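Colleague: Here it is, the structure, as structure tokens.
The values are calculated or read from the model by the stated rules, or taken from the named source; none is laboratory data. Here the structure is a predicted model, which means the values were calculated and not measured. Because the Cβ atoms are built from the backbone with ideal geometry, glycine has one as well, and the counts that use them run over all protein chains shown. In case anyone asks, the SASA skips ligands and DNA or RNA and just uses the protein heavy atoms, side chains included. Shrake-Rupley method; radii C 1.70, N 1.55, O 1.52, S 1.80 Å.
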Amino acid sequence: MSFNQELKDRFERMAGLLELTGANRFKVNAYAKAARVIDDQARDLTEIADQPSELTAIEGIGKGIAEKIGEYAGSGAIAELQELESKVPAGLLDVMEIPGVGPKTAKAMWDKLDITDLDGLRTALDDGSILDVPRMGQKAADKIKENLAFAEQAGRRLHLGLAQPIADELVARMQELDGVERVAFAGSLRRGKETIGDIDLLCVASDAEAAREAFCTHESVIQVIGRGETKCSVRVRLESNARRWKNMFSDDDEQSVQVDLRLVPKESWGAALMYFTGSKEHNIKLRERAIRQGLTLNEYGLFEDDGESDEPPQKSGKSPVASESEESVYIKLGVPFVPAELREDRGEVGQEPSADLITVNAIKSELHAHTTESDGRLSLHELVQNAIDRGFHTIAVTDHSKSSAQAGGLDENRLKQQREAIEKARDEFGDQIQILHGSEVDIHADGSLDYDDDVLFWLDWVVASPHASLQQDPKKATERLIRALEHEAVHILGHPTGRIISRRPGLEPNMQEIFKAAAEHEKALEINAHWLRLDLRDTHVRAALDAGCLIAIDCDVHEARDFDNIRYGVATGRRGWLTEERCINAWSRGELDEWRAS
């Protein structure tokens, strides 16, 4: 585990423990924010752990947090955390993670029933003693029991690529109804986060009952959790489409996800979409700005606040000054509109996002694709035809190199035979598309590449990727990737860390050094768009752009549906503020060829 990840985990733990002990809310929030900020850093903080001024220059890290970082770097421990851990049973943090059990309830359970872990909570729910906890009624207990069972079954956050098809299907179903005027998904899914907790749908409907009925009776629904006037909650069955990584999923993994439908007034659509898209931290920034302007912001709209009523403004007869669109709320607050993917409290409020943030429609080439010659499911002709059908001007055929024997990697003789097939395909498809003959070349542990230089320079296109030795020491991993970037034949560094989200951490190199080398040698860094990879990750993308790097977004195509993963790569790029100008897949054929030849 990297130093940054260790710090993040410890500060998250401190925030939770402080909340349980009733600490000052500002202190709790400071540690929680520090954890988020540290998780966003591409730079290894060990480099500056002994430099408080460098640390406090990072927004969200104050003097006290900087001291804790230095303390951990020097001793491997944080005294305050150790003291908190000596006072609070570790299992209480798990209890507090169950929806319906906040810090006050968890503390009451501990004080009254000595509940210190999930087993104790389960026992109290089963024998009914949970009702002895102050202010705990049967309805609340039943909800906690239900949520506990679901948490144990779900086990982890859901991958973006598993959640998105469910949301798309439900939105399409709702849009077919006569009484539905608007419907959209919100939450972390709309922000394009790599994993999500649940799915939020918003709906404007003239026939609310028809909307509720269609939602709750969808064929994928396995349980109706709640069905109210303005909110319905269900659990939806999932089927994993991991395919290549199927062995990484157990039979019990990812079986269901909670989906919430919220029926909102037409006039509140924009405010509601903003509120339920989040992030929580972004919304807080907007509400703070509203307060400074004598306004109040909630899911119903932006209202003038005269301070005379304790009632929510929408209930006191006030009309919002902005609510029907997200854009109108931002305008009224006097800040530029922030695209959903950027709303993570990373300094986006008040900044002017580029007008040409990357979009799916801007992608005009696929530069990392496999055929049946290695581990792909598409023949050369099928791959090329799929690329043509997508409107692409270039497809790079990049089957695995010889060291990837498990993936059917090509030796030099097979590579030459493939060139003959590609020449024939070029004749057959003519000017419809440019077909580049390339390879996804393994980067060995020492940074050398899997083919000799004469082969590498003979190829049209080289994607250099790490596949083995992914637990390598960070220093050696950094040297390894930089050596590959220095090779003149390489065009793209493919999935640079080799991670699989929630399954394999991959390499942990010094990313700032990687970005520096990529910019210096004018190589592109890949966002691998498969929803299990998304590597580069979003925070890496932004840091890479700041360092002057170019970015490629590739689907690493192995079968036809892999082309659809482009939406996840684009979302990751947008979260990193990637523009069309800096994404080589958005370039024209002429621009791409000029860069390739340089």
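Colleague: Which residue out of 9, 39, 50, 44 is under 20 Å from residue 499 (Cβ atoms) and either open to solvent by 60 Å² or more (accessible area, probe 1.4 Å) or touching a strand residue (DSSP E or B) at 6+ places or on another chain (Cβ under 9 Å) (or both)?
Modeller: One residue alone meets the criteria, 39.
Colleague: Can you say whether residue 497 is under 24 Å from residue 448 (Cβ atoms) and of a type in the set (Ser, Thr, Tyr), as far as the supplied structure shows?
Modeller: Yes: the conditions hold for residue 497.
Colleague: Does residue 424 meet the test of being of a type outside the set (Phe, Trp, Tyr), more than 30 Å from residue 468 (Cα to Cα) and not in a loop (DSSP other than H, G, I, E, B)?
Modeller: Spelling it out, residue 424 is indeed of a type outside the set (Phe, Trp, Tyr), more than 30 Å from residue 468 (Cα to Cα) and not in a loop (DSSP other than H, G, I, E, B).
Colleague: In segment 478-496, what residues are without any contact (Cβ under 8 Å) to a residue 40 or more places away in the chain and within 19 Å of residue 541 (Cα to Cα)?
Modeller: 478, 481, 482, 485, 493, listed by residue number.
Colleague: Another question about this same structure. What are the residues in segment 552-571 that are of a type in the set (Gly, Ala, Ser) and either under 14 Å from the mean Cα position of the chain (by Cα) or part of a helix (DSSP H, G or I) (or both), if any?
Modeller: If the condition is that a residue be of a type in the set (Gly, Ala, Ser) and either under 14 Å from the mean Cα position of the chain (by Cα) or part of a helix (DSSP H, G or I) (or both), then 560, 569, 571 are the ones that fit.
Colleague: Quick check, is residue 77 out of contact with any Cys (no Cβ under 8 Å at 6 or more places or on another chain), among the hydrophobic types (A, V, I, L, M, F, W, C) and in a helix (DSSP H, G or I)?
Modeller: Here the answer is no, as residue 77 does not meet what is asked.
Colleague: Identify the single condition in (1) among the polar types (S, T, N, Q); (2) at pLDDT 90 or above; (3) within 26 Å of residue 28 (Cβ to Cβ) that residue 129 does not satisfy, given that it satisfies every other one.
Modeller: Failed condition: (3).
Colleague: Then there is this: Please verify whether segment 389-400 includes one or more residues that are in contact with a helix residue (DSSP H, G or I) (Cβ under 8 Å, 6 or more places away or on another chain), assigned to a helix (DSSP H, G or I), surrounded by 14 or more Cβ atoms within 10 Å (Cβ to Cβ) and among the hydrophobic types (A, V, I, L, M, F, W, C).
Modeller: no
Let's see how each residue does on (1) over 30 Å from residue 389 (Cα atoms); (2) not in a strand (DSSP E or B):
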{"residue": "419", "(1), (2)": "no, yes"}
{"residue": "428", "(1), (2)": "no, yes"}
{"residue": "441", "(1), (2)": "no, no"}
{"residue": "464", "(1), (2)": "no, no"}
{"residue": "471", "(1), (2)": "yes, yes"}
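Colleague: Is segment 509-516 home to any residue that is closer than 21 Å to residue 537 by Cβ, open to solvent by less than 10 Å² (accessible area, probe 1.4 Å), assigned to a helix (DSSP H, G or I) and touching a residue at least 60 places away in the same chain (Cβ under 8 Å)?
Modeller: For segment 509-516, residues closer than 21 Å to residue 537 by Cβ, open to solvent by less than 10 Å² (accessible area, probe 1.4 Å), assigned to a helix (DSSP H, G or I) and touching a residue at least 60 places away in the same chain (Cβ under 8 Å): present.
Colleague: Ok, one more. Regarding residue 363, is this residue under 24 Å from the mean Cα position of the chain (by Cα), surrounded by fewer than 16 Cβ atoms within 10 Å (Cβ to Cβ) and touching a residue at least 60 places away in the same chain (Cβ under 8 Å)?
Modeller: In short, no.
Colleague: Scan segment 10-41 for residues that are closer than 16 Å to residue 69 by Cβ and either in contact with a Ser or Thr (Cβ under 9 Å, 6 or more places away or on another chain) or modelled with pLDDT under 85 (or both) and report the count.
Modeller: 4
Yes or no, residue by residue, for (1) part of a helix (DSSP H, G or I); (2) of a type in the set (A, V, I, L, M):
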| site | (1), (2) |
| --- | --- |
| 18 | yes, yes |
| 27 | yes, no |
| 43 | no, no |
| 50 | no, no |
| 54 | yes, no |
| 60 | no, no |
| 65 | yes, yes |
